[in-house]
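Accompanying notes for the structure given below.
Each reported figure results from applying straightforward, stated rules to the coordinates on display, with no laboratory input. Note that the structure is a prediction, hence the values are computed from the model and not measured. Don't worry about glycine lacking a Cβ; one is built from the backbone with ideal geometry, like all the others, and counts go over all protein chains shown.
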Amino acid sequence: MKILVVKGDGIGPEIVPEGQRCLEAASEAFGLGLTFQEDFIGFDGIEKYGHACPEEVIGRIRDADGALFGPHNNVDYPPEHQTYANPSGIIRRGLHLHANLRPSKTRQGVPAHVPEMDVVIARENMEGFYADRNMHAGGGEFMANPDLAQSIRNISRSASTNIAVAGCDFAMQRRKKVTIIHKANVMKLTDGLWREACLDVTSKYPELEVEEVILDAFAAHIVRRPQDFDVVICSNMYGDIFSDLASELAGGLGLGGSINASHTDCIAQCAHGSAPDIAGKNIANPTAMIVSAAMMLTWLAVKHEKPAFNHAANAIEMALSAQLAKGRTRDLGGDMDCDVFGAAVAALINA
């Protein structure tokens with residue numbers, strides 16, 4: 001299987017190779033037959049293709065079996081390359097990557113704000129309030145006059161159904177519980193439709209425990225009793241906020257892995273940004289990229305019905321937890337450089 005490697009901006013060229021290193025180790029240990037091809041977005045894309053997110057790269061992601069995708073720093077792109085949609089938004093929309101799955105898990109040796117949690121936020125990726133992805137043309141926000149800005153929120157039955165299915169399928173591989181987040185008591189039409197679509201999907205999964213929690217109440221519950229949640233299904237902006245909160249509770253965004261997936265395509269992409277202030281210093285934490293790479297293997301295992309990929313993903317997770325328990329990068333109170341940490345995790349996969 002072919003994996004496209006796109007390093008991106010900032011710390012991307014440091015953390016993405018560590019995700020690749022761990023995939024290479026897992027491929028060798030479990031006979032996955034992974035091959036890797038590099039391509040470019042961001043500043044490198046501008047230099048090579050004249051565009052921060054070239055159509056050629058989107059096509060190669062579509063043709064590959066999966067992709068490692070680094071962070072981008074679009075706020076610093078030249079003005080002519082700044083648009084409503086950043087590279088992530090362009091690719092999510094171009095490939096219709098409707099599901100953003102973001103895990104947050106406490107691990108031995110990692111300072112956390114809660115004693116125990118293992119939560120996945122299943123975030124709808126294609127609509128909601130975000131102006132770069134909720135209109136066929138143009139952006140979904142505008143100003144009627146200099147003192148009034150307005151934003152349009154799109155909630156469709158089809159998109160709500162897609163993320164509910166993705167969340168339920170993922171929960172079936174875990175502790176078999178889903179939580180539906182909404183504000184239907186106030187947003188009666190949009191969140192009402194969201195709630196209705198999600199409950200319709202969950203009714204088809206009798207093995208799952210299903211609950212629904214009002215948005216603001218969940219903000220309190222995830223802090224007070226995070227251990228009670230398994231897979232949490234959210235619309236776009238709610239999921240964006242709660243996934244960052246969950247990552248911080250578990251130890252920080254440096255641990256925040258994720259995948260963006262459709263029924264046919266998957267990219268492994270950290271939840272955090274490009275951190276240009278520490279770029280080039282070899283001190284970034286590659287944990288999120290390694291977690292994302294393992295999640296991509298799990299997705300490939302399900303899509304292609306290949307249990308070896310799931311075994312490999314579990315091996316990466318176990319190796320990562322073992323390494324974090326005994327040595328960490330500087331952001332987690334350790335003294336390991338980015339490449340040293342990645343090599344240590346990869347070595348444990350081979351053991």
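Worth a mention:
- Taking the Kirkwood radius as Rh and the Cα radius of gyration as Rg, region 68-185 has a ratio of Rg/Rh equal to 1.04.
- Diagonalising the gyration tensor over the Cα atoms of region 113-250 and scaling each eigenvalue by 5 before taking the square root yields semi-axes of 27, 18, 13 Å, largest first.
- Cβ-based charge dipole, region 113-250, positive-most Cα from G139, M187, S247: M187
- Euclidean distance of C-alpha centroids, region 135-161 and region 6-41, integer Å: 36
- The 3J(HN,Hα) values that the Karplus relation (6.51, -1.76, 1.60; θ = phi - 60°) gives for region 56-69 are, in residue order, 4, 5, 4, x, 6, 5, 4, 7, 7, 7, x, 8, 8, 10 Hz. Gly and Pro appear as x.
- Taking the Cα centre of the chain as reference, the dipole from Cβ charges on Lys and Arg (+1) and Asp and Glu (-1) amounts to some 760 debye.
- Net charge of the neighbourhood of L255, taken over other residues with C-beta under 11 Å away and scored Lys/Arg +1, Asp/Glu -1, is +2.
- Listed by chain and number, the lysines whose alpha-carbon sits under 19 Å from that of K105, ignoring those within fewer than 8 places in the same chain, are K176, K177, K326.
- Ordering 91-100, 231-240 by mean Cβ neighbour count within 10 Å, with the highest value first, yields 231-240, 91-100.
- Computed Kirkwood radius, in angstrom, where 1/r is averaged over Cα pairs of the chain: 20.5
- Alpha-carbon centroid distance for the pair region 253-271 / region 203-230, whole angstrom: 22
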